[in-house]
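Written out below as structure tokens is the structure these notes cover.
The values are calculated or read from the model by the stated rules, or taken from the named source; none is laboratory data. Just so we're clear, the structure is a prediction, and the values are computed from it rather than from any experiment. Ideal geometry is used to build each Cβ from the backbone, glycine not excepted, and the neighbour counts take in all protein chains shown.
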Amino acid sequence: MAGIGQVTGHESWQEIRSQVLRRDAWQCQSCGRRTVGQVHHIIPRRGGGSNDLSNLLTLCGKCHMLVSPVPDWVIVRVWRVPLGHIASARQQVLDNLRKYRPNEGRVRTEDRKSDFRARSQADATMGLKEQVSWLNAYLSTVYSSEMRLSTLLARLGFDSQQLQVIRDKNLDLFVNSYIAKIKEQIAARRDGERLFMIISHRLVLDGEPPATLQSLGERLGISRERVRQLEMKALKRCRHNANRIFLESSLLDLARRHLKLEGQNDDS
């Protein structure tokens, strides 16, 4: 039998993620905010970390983005954090997460910051294929026909050369930023976070098979029929013309900023 904080190796990531969220009572372990949750690897898998529960904790989207290698302008746009406050907000999250670090007392402050940034970089690159797959599924749902991120970018006027730049340079940050904007749009309205959770699991955000209505109902403490009703509500909200306008304007702005930033980097 696996001990507390261990997994058997037979559990799926979805099951492990659910255990972490239940253990943390769907609360961000940095700011305490109740959230649908993003499960964070304290030591990333690429850095030798495991999926043991002791290496996982729940963070809200804002805190997770603050400790990820995301450009400051993205944080300003997505979370409305004033540019001058980002450094202190990021440091606050880092301070709150110190207690979860192994052997914390033996790590110098500068080494800790450098190591955390390196591990955050590794975390940010994980699951890109699954996130793009989810994003394409979401866009197809919104437009009620097959729609890919590259297709929508081309529809907005970006040529093949610009699309290649987006693919080649920091695609992970681009995709993460766009998904964060989508979540913000859905979660901003009444019952939004619950609706995002349902549609995320139904569209396989974590790369696992779609969650069933029954399993989501058990997780949320509601009936299967109520989950179905909420899913229909989420789909109706996603397919509304106002949401399509938001998706296109947000993607247009994000792509323009991304290409401008990469152009500045190439000139330097």
Segment 197-212 residues that are under 13 Å from ARG17 (Cβ atoms), paired with ones that are modelled with pLDDT of 60 or more and assigned to a loop (DSSP other than H, G, I, E, B) (beta carbon under 8 Å, 6 or more apart): MET197/VAL36; SER200/VAL36; HIS201/PRO210; HIS201/ALA211; VAL204/PRO210; ASP206/GLY127; GLY207/GLY127; GLU208/SER12
Of residues in segment 1-24 being over 17 Å from SER215 (Cα atoms) and of a type in the set (Gly, Ala, Ser), the one modelled with the highest pLDDT: GLY9
Residues within segment 228-268 that are modelled with pLDDT of 90 or more, buried (at least 16 other Cβ atoms within 10 Å of the Cβ) and of a type in the set (Asp, Glu), tallied: 0
Qualifying residues in segment 150-170 (those that are more than 16 Å from LEU139 (Cβ to Cβ) and basic (Lys, Arg)) - the one surrounded by the most Cβ atoms within 10 Å (Cβ to Cβ): LYS169
Where HIS201 falls short, out of the listed (1) crowded, with 18+ Cβ neighbours inside 10 Å; (2) modelled with pLDDT of 85 or more: (2)
Filter pass, GLU130 being modelled with pLDDT of 70 or more and assigned to a helix (DSSP H, G or I): yes
